[in-house]
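Here's the structure we're looking at; comments come further down.
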Amino acid sequence: ESFSDLLQRDTADKLSADAREYLDYIRGAVQRLRAMVEGLLAYSRVDTQGQAFQKVPCENAVRGALDNLKVSIDESGTVVRYGELPLVYADPAQLTQLFQILDSNAIKFHGDSPPQVWISASREADEWVIACRDNGIGIDPKYSGKIFEIFQRLHARDKYPGTGIGLAFCRHIVDRHGGRIWVESKKGEGATFYFTLPPCP
């Protein structure tokens, strides 16, 4: 518990409506700061505490991500489809995190229709290109590079909560794997996130 939580618990019945409102603002700020610090710690550990690379079926990572998001998927009516996915050389935990962040964003930034995600893969030269396409609100192309920078947000926090670390985290994971990540999108027309991974040696 934070000090603001203790203060609210011990004095809630003695505070005015304005004071309770101010205390709620403080508690919200503390919670956001805690989430940002935890996100930064996870971000900083991508290189230092990652697992050794091994042969990983992408399908296993996708299934792990979907299991972790089951509550959100069920509540939102999200449908995730994927075809045959490759065997790659990767950190299994980080690959699951990568799919989880992309799927979570597709759920969060959905349009009027229930979220849908399509995951596919293609082999190009000496790398696999993985695509995660959604039917969400889309991204203005002028922000296609900015969204991968840490703490960069395109929407108000009260409409789409979050720390602004997710896509930067994705880029950091992909960088560790020697790959690239980018997005193709138009505002209001969904988005397709692409990233590359090395094949198995």
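The phi-based Karplus calculation (6.51 cos²θ - 1.76 cosθ + 1.60; θ = phi - 60°) puts the 3J(HN,Hα) values of segment 100-116 at 5, 5, 5, 5, 4, 5, 4, 5, 5, 9, 8, x, 6, 8, x, x, 10 Hz, whole numbers, x for Gly and Pro.
The modelled label-to-label distance for the pair Arg45/Glu75, using points 7 Å beyond Cα in the direction of Cβ, is 2.5 nm.
Please give the Cα centre distance for segment 62-106 versus segment 128-142, rounded to the nearest Å. Result: 15 Å between the Cα centres.
For Gly136, the residues 5 or more places off, or on other chains, whose built amide H falls under 5 Å of its own are Gly190, Ala191.
Normalised per residue, the accessible area of segment 50-117 is 50 Å², obtained with a 1.4 Å probe and no contribution from ligands, DNA or RNA. Amide H to amide H, with H built 1.01 Å from N, Trp128 comes under 5 Å of Leu197, counting only residues 5 or more places away or on other chains. When the C-alpha to C-alpha distance is required to be over 30 Å, the pairs from Lys55/Lys142; Lys70/Lys186; Lys70/Lys187; Lys108/Lys142 that qualify are Lys55/Lys142. Rounded to the nearest Hz, the phi-derived 3J(HN,Hα) couplings of segment 124-137 under the Karplus curve 6.51 cos²θ - 1.76 cosθ + 1.60 (θ = phi - 60°) are 10, 6, 9, 8, 9, 10, 9, 10, 10, 9, 10, 10, x, 6, where x marks glycine and proline. Label sites at Asn60 and Ser16, each approximated as a point 7 angstrom past Cα along Cα to Cβ, lie 6.1 nm apart.
The values are calculated or read from the model by the stated rules, or taken from the named source; none is laboratory data. Remember, it's a predicted structure, so these values are computed and weren't measured experimentally. Note that we place each Cβ from the backbone using ideal geometry, even for glycine, and neighbour counts take in every protein chain shown. For the accessible areas, the whole protein counts, side chains as well, though only heavy atoms, and no ligand, DNA or RNA atoms are used. Shrake-Rupley method; radii C 1.70, N 1.55, O 1.52, S 1.80 Å.
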